[in-house]
Amino acid sequence: MALGSIGSVVSLWRYPVKSMMGEELNASDVTERGLLGDRVYALLDPATGKVVSAKNPPKWSRMFDFRASFVSPPESGHTPPVRITLPDGTIVTSDRPDVDRAVSHALGREVRFVSSAPEKPSLEEFWPNIEGLAHREVVTDEGMPPRTFFDASPVHIVTTATINRLQELYPEGRFEVRRFRPNIVLRLGDGETGFVENAWVGRTVSIGEGVRVRITAPCSRCVMTTLPQGDLPQDGGILRTAAKHNKTNVGVYGVVERGGRVRRGDPIRLV
């Protein structure tokens, strides 16, 4: 590790379309809206006007069967179309005039592919019957930050220390990073164990040569962490373990104080 650092960036992720599978990156520009290209598109439910989210799996259970990647790297001021891989392997691009029809057919529900968020976006969230959650066995309407497709904040960070601790607490589960859909995964130095990033709220993480992210809140988890994706099975024990041992939190949210470029391997510091 670099002098003064507490760890390094081990992986970077962006999700071009909200609630679809995304892309793992070696490097990314970071702006006030997080990693460039993250959650710039979404599906909209024309029946309700709400943003489509896997937070309500009784309605949108197949969202994790879709994968989105940019047809070319996004640049500041230019967001390219995305290539959407449907559950059957068919690929459609978002600039095709029939993209709404193709995605709606694959989902079994009418949706619209959108690049502009409503002034006051919202989504539906299903709360499973797990002790420790704010609600149980209901669907609630949840507000989102204005004019964005983020749940709460433009950056989500998690440490491998937290993932490893959860695995120790529930060894039967598969606590893989992709269940938690972070933007930045950090590996800390030897001796750092447990839910380390909980103590970072109110502090700033410096990444690489100058990117700064102020940590604003713990990241409270939802039913999405329990859903199957790829070879990962459905497992309610994932969320149950987080609820029992860390108040449902896995990782932290942040806002960008200073942008720049981040890379895998970049050192991190607390400032």
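Laid out as a table, the results:
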read-out: For LYS247, distant residues with modelled amide H under 5 Å away; value: none
read-out: Tensor-based shape of the stretch 1-75 (alpha-carbon gyration tensor, a/c under 1.5 rounded, otherwise prolate or oblate); value: prolate
read-out: From the C-alpha gyration tensor of the stretch 146-194, square roots of 5λ in Å; value: 25, 14, 7
read-out: Length gained when the stretch LEU169-GLU24 is fully extended (0.36 nm per residue, less Cα-Cα span); value: 49.5 nm
read-out: Cα lying deepest toward the dipole's positive end in the stretch 1-124, options SER61, PRO81, SER28, charges on Cβ; value: SER61
read-out: Per-residue ³J(HN,Hα) for the stretch 73-78, Karplus 6.51 cos²θ - 1.76 cosθ + 1.60, θ = phi - 60°, Hz, x for Gly and Pro; value: x, x, 10, 4, x, 9
read-out: Radius, Kirkwood style, for the stretch 214-271 when every pair of distinct Cα atoms is counted (Å); value: 13.9
read-out: For the chain, the longest site-free run once GluC sites (Glu not before Pro) in DSSP loop states with at most 11 other Cβ atoms within 10 Å are removed; value: 33-118
read-out: Amide proton proximity set for ILE130, modelled H, under 5 Å, gap of 5+; value: GLU137
read-out: Cα gyration tensor category, rounded, prolate or oblate, for the stretch 138-259 with a/c compared to 1.5; value: oblate
read-out: Largest-first ellipsoid semi-axes for the stretch 51-164, taking √(5λ) over the Cα gyration tensor eigenvalues, angstrom; value: 26, 19, 16
read-out: Sites ARG258 and THR140, calculated FRET efficiency, Cβ-Cβ separation with R0 30 Å, nearest 0.05; value: 0.30
read-out: Read-out semi-axes √(5λ) of the Cα gyration tensor in Å, derived from the coordinates shown; its label in (i) 36, 19, 18; (ii) 29, 23, 16; (iii) 32, 20, 18; value: (ii)
read-out: With all protein chains modelled, accessible area of SER53 [1.4 Å, Å²]; value: 0
read-out: Test item: Cα-centred dipole of the chain, Lys/Arg +1 and Asp/Glu -1 on Cβ, debye; value: 280
read-out: Table column - 3J(HN,Hα) (Hz), the stretch 194-208, Karplus curve with 6.51, -1.76, 1.60, x for Gly and Pro; value: x, 7, 4, 5, 4, 7, 8, 4, x, 10, 10, 9, 9, 10, x
read-out: Per-residue HN-Hα couplings for the stretch 11-26 [Karplus 6.51, -1.76, 1.60; θ = phi - 60°; Hz; x = Gly/Pro]; value: 7, 10, 9, 9, 10, x, 10, 3, 6, 8, 5, x, 10, 8, 10, 8
read-out: VAL111 long-range amide H proximity, modeled H, under 5 Å; value: SER104
read-out: Where labels lie 7 Å past Cα in the beta-carbon direction, separation of THR90 and ILE6 in nm; value: 4.9
read-out: Cβ-placed point charges (K, R +1; D, E -1), dipole of the stretch 14-148 about Cα centre in debye, nearest 20; value: 180
read-out: R0 of 22 Å, Cβ-Cβ distance GLU110-ARG178: FRET efficiency to nearest 0.05; value: 0.20
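The values are calculated or read from the model by the stated rules, or taken from the named source; none is laboratory data. Given the structure is predicted, the values throughout are model-derived calculations rather than measurements. A quick note on method: Cβ atoms are made from the backbone with ideal geometry, for glycine too, and the neighbour counts reach across all protein chains shown. For accessibility, only protein heavy atoms count, side chains too; no ligands or nucleic acids. Shrake-Rupley method; radii C 1.70, N 1.55, O 1.52, S 1.80 Å.
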